[in-house]
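J.: My questions will all concern the structure given below.
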Ligand SMILES: [Zn+2]
């Protein structure tokens, strides 16, 4: 297996290759993957043969596009047939991992030392793009992170892989997401990190506390790295207003690792084309043009244990333009979220609601909100607040109707404790039960 340094050197160079050269590289890697999958995966042997595959064939973009999409339910129910009986020794050990789906749909698959190596290299690429100061303090607040609050241990552990594989780093402190936001704020002020890694909704709750004057933002904080949930644009403005704090977002999934990373020059999300083929498809299955929003479909070029070929990850994204930075890597302009984050109008059409509706707080001290669509004209507003007056409800309804793009019938539900997450610590502001 290649060393991490070798892979990084290759990635430093290939990011500047033309889009055309990168596509050739992808198809060459895809040919190797399909030869392997045809031999060792009963599921893909059948699927590739149905798509007209013959062993040793060269792939074109047209032939690739004829392979049916792999759905999440196929992966969930048929992983034992998708999984390969043998993997090449240079791919190393395999590891079983499970994704905790939001509706109890657990996907389980194998990843390998080789996919892990690519994850490390791409994570390092992300640090290099954003020229991080590795001597600085890092704070992490994520769902499953254990508490790391002892300065000596935080210094010994450092930032962890990949950075600590290359050099000494500053300390890295962490807390689980279950820590109440008020305590998080106190903790962050004390350890005063330059970088904070967390989820967008948790960041939003911290910003609420700072904006209300309930806590002071860490003095040293310069950048928040967001993962795991859809980042809504309002958060960038709020961070900037707080003290010129930047946000760098990462688009990743447990099945596939790092999918797209923000360009340091343009802010577009660059797809990690050396490792994945990322397609954005319209409802007819055709590639979306620049500026159009479509389904994200991904092929993992290096997972030889549970091949993911044209896997429909169920997110939606907007295809971006060629980037001004000069890299040949493809781009996404926005990651929209899941299909169930789209609102359905009474005429059956679907669109993306404007979430991140910070303006609700102008009406009342709403600590958290969530909008659930139960029917075509039945929308529930869940609010973490003491019950509102009829006048306040009317004001919120006006804002909700603007955000949803239709004067839906609304009902209010009041909560006095935190609204429930939808799994794995993630929170979705709008969920349609019709999707
Ligand atoms: Zn760029």
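J.: What tally of residues in region 335-351 results from selecting those that are at negative phi and surrounded by 16 or more Cβ atoms within 10 Å (Cβ to Cβ)?
T.: Looking only at that region, the number is 8.
J.: How about region 110-224: which helices (runs of 4 or more DSSP H) wholly inside it have at least 3 residues that are in contact with a strand residue (DSSP E or B) (Cβ under 9 Å, 6 or more places away or on another chain) and surrounded by 16 or more Cβ atoms within 10 Å (Cβ to Cβ)?
T.: Here the list reads 113-129, 181-191, 200-211.
J.: Which one is nearest to the chain's Cα centre (by Cα), of the residues in region 142-182 that are under 19 Å from residue 210 (Cβ atoms) and at pLDDT below 95?
T.: Of everything passing the filter in region 142-182, 177 is nearest to the chain's Cα centre (by Cα).
J.: Would you pick out the residues in region 388-408 that are surrounded by 12 or more Cβ atoms within 10 Å (Cβ to Cβ) and not in a helix (DSSP H, G or I)?
T.: 388, 405, 406, 407, 408
J.: Can you tell which of 329, 354 is outside the structural domain of residue 228 (by TED's automatic domain parsing), touching a helix residue (DSSP H, G or I) at 6+ places or on another chain (Cβ under 9 Å) and within 16 Å of the ligand (Cβ to nearest atom)?
T.: 329
J.: Look at region 294-326 and say how many of its residues are under 18 Å from residue 61 (Cβ atoms) and within 10 Å of the ligand (Cβ to nearest atom).
T.: 1
J.: Within region 284-292, does at least one residue satisfy the condition of being within 16 Å of the ligand (Cβ to nearest atom) and closer than 28 Å to residue 24 by Cβ?
T.: Narrowing region 284-292 to residues within 16 Å of the ligand (Cβ to nearest atom): 290.
Keeping just the survivors that are closer than 28 Å to residue 24 by Cβ gives 290.
Within region 284-292, one or more residues are within 16 Å of the ligand (Cβ to nearest atom) and closer than 28 Å to residue 24 by Cβ.
J.: Could you list all residues from region 42-62 that are surrounded by 10 or more Cβ atoms within 10 Å (Cβ to Cβ) and outside any loop (DSSP other than H, G, I, E, B)?
T.: Matches in region 42-62: 42, 43, 44, 45, 46, 47, 48, 49, 50, 61.
J.: Within region 369-381, is there a residue that is in the same structural domain as residue 44 (by TED's automatic domain parsing) and either at pLDDT below 95 or part of a strand (DSSP E or B) (or both)?
T.: Checked region 369-381: no residue is in the same structural domain as residue 44 (by TED's automatic domain parsing) and either at pLDDT below 95 or part of a strand (DSSP E or B) (or both).
J.: Considering region 68-87 alone, what residues qualify as being part of a loop (DSSP other than H, G, I, E, B), surrounded by 12 or more Cβ atoms within 10 Å (Cβ to Cβ) and touching a helix residue (DSSP H, G or I) at 6+ places or on another chain (Cβ under 7 Å)?
T.: Within region 68-87, 68, 84 qualify.
J.: Can you name every residue in region 367-415 that is within 29 Å of the chain's Cα centre (by Cα) and without any contact (Cβ under 8 Å) to a residue 12 or more places away in the chain?
T.: Residue satisfying the conditions is 401 alone.
J.: Residue 259 passes all but one of (1) away from the ligand (no atom under 16 Å from the Cβ); (2) part of a strand (DSSP E or B); (3) not assigned by TED's automatic domain parsing to the domain that holds residue 75; which number fails?
T.: (1)
To keep it simple, each residue is scored yes or no on (1) at pLDDT 95 or above; (2) surrounded by fewer than 22 Cβ atoms within 10 Å (Cβ to Cβ); (3) more than 9 Å from the chain's Cα centre (by Cα); (4) within 16 Å of the ligand (Cβ to nearest atom).
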{"residue": "235", "(1), (2), (3), (4)": "no, yes, yes, no"}
{"residue": "247", "(1), (2), (3), (4)": "yes, yes, yes, no"}
{"residue": "253", "(1), (2), (3), (4)": "no, yes, no, no"}
{"residue": "268", "(1), (2), (3), (4)": "yes, no, yes, yes"}
{"residue": "272", "(1), (2), (3), (4)": "yes, no, yes, yes"}
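The values are calculated or read from the model by the stated rules, or taken from the named source; none is laboratory data. Because the structure is predicted, anything quoted here is derived from the model rather than measured. Here Cβ is always computed from backbone atoms with ideal geometry, including for glycine, and neighbour counts include all displayed protein chains.
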